[in-house]
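The values are calculated or read from the model by the stated rules, or taken from the named source; none is laboratory data. This structure is a prediction, so every number in the text was calculated from the model and none was measured. Here the Cβ is made from the backbone with ideal geometry for all residues, glycine too, and neighbour counts use every protein chain on show. Side chains included, ligands, DNA and RNA excluded: accessible areas come from the protein's heavy atoms. Shrake-Rupley method; radii C 1.70, N 1.55, O 1.52, S 1.80 Å.
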Amino acid sequence: MNRFAVGLAVVAGCATASLAQFTNGDFETGDFSGWNVAFTIPNGNASYQNVELFDIDGPGPLGTNFAARFSVGRLVFANGGDEGIEMTQTLNLTAGTAYTLDADIAAINTNATGSNSQGGIFDLIVDGVSIANFAVGDLGASATQGPEFFGHLTGTFTASGTHTVGISIRRPFTAPGNLRQSVDNMTLDGGGGPTCAPDLTTGAIAGQPGYGVPNGILNNDDFFYYLALFAANDPAADLTTGAIAGQPGYGVPNGIINNDDFFYYLALFAAGC
């Protein structure tokens with residue numbers, strides 16, 4: 001039996017329910033894959049929007065990785081109200097389960113001499129409602145906290161089924177070029193229970209509703225969805241540096257898609273959730 005046939009044999013015997021998790025919550029695809037990024041209504045704007053290498057905790061231990069970065073504000077200035085962007089995913093969650101939503105956040109004023117009275121207002125949101133909020137406040141050379149802010153935001157909620165979950169970033173002013181707000185490491189933990197890394201999709205037919213959207217169920221659709229990513233050499237198929245558990249680089253993407261990635265996913269799938 002060749003290696004590919006072994007993979008199919010394992011798939012046929014494995015299907016289990018699990019909790020949902022963000023797709024590309026750490027942005028290591030290098031883009032916004034899995035995320036819906038939209039302006040808040042009616043006056044949201046972002047003069048900058050990208051996924052790029054950034055140290056989300058500055059002097060902390062996390063180091064430089066891909067992160068979502070924006071410069072948000074109001075499209076047209078008007079007194080009152082905060083506007084910007086929302087970045088969300090629609091997740092099928094276990095009803096009655098308490099979930100914890102986490103994100104690393106940062107705001108930087110790149111103007112070496114000036115200050116800005118609001119570096120960014122971050123909200124963790126569920127169905128458009130804030131469950132945790134932090135306003136960075138004044139950032140800059142003359143600000144008490146200086147030109148940089150690094151932090152972590154946590155919120156909890158009880159699910160009732162399918163929810164739109166994510167983060168919003170807003171400001172009461174137009175979006176200046178000297179401010180950057182950043183987000184990384186978006187995670188969703190269901191009551192301390194395990195997340196399901198190999199749960200990738202609701203269905204395996206491209207273009208159909210739920211394609212590429214985890215649904216809390218691990219089955220053959222997830223395997224064939226990954227197989228399609230792998231065959232297309234999609235960056236999202238890059239999962240590991242090597243295929244030997246416990247060795248350096250196991251489970252760490254390295255920018256190369258090869259058989260190690262396939263068998264790493266196969267091991268995740270076979271382990272279930």
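So here's what we get for this one:
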| item | result |
| --- | --- |
| Positions within the range 137-155 being touching a Phe, Trp or Tyr at 6+ places or on another chain (Cβ under 7 Å) and either among the acidic types (Asp, Glu) or open to solvent by 10 Å² or more (accessible area, probe 1.4 Å) (or both), in sequence order | Gly151, Leu153 |
| Qualifying residue in the range 41-63 (condition: free of Cβ contacts under 8 Å to residues at least 60 places away in the same chain, open to solvent by less than 30 Å² (accessible area, probe 1.4 Å), in a strand (DSSP E or B) and farther than 23 Å from Ala159 by Cα) | yes |
| Residue in the range 117-127 that is touching a residue at least 60 places away in the same chain (Cβ under 8 Å) and surrounded by fewer than 19 Cβ atoms within 10 Å (Cβ to Cβ) present | no |
| Tally, over the range 73-116, of residues that are assigned to a strand (DSSP E or B) and open to solvent by 60 Å² or more (accessible area, probe 1.4 Å) | 3 |
| Per-region count, the range 228-242, residues among the aliphatic types (A, V, I, L, M), surrounded by 20 or more Cβ atoms within 10 Å (Cβ to Cβ) and not in a helix (DSSP H, G or I) | 1 |
| So Ser142, is it at pLDDT below 90 and within 25 Å of the chain's Cα centre (by Cα) | no |
| So Gly203, is it open to solvent by 60 Å² or more (accessible area, probe 1.4 Å), among the small types (Gly, Ala, Ser) and more than 20 Å from Gly119 (Cα to Cα) | no |
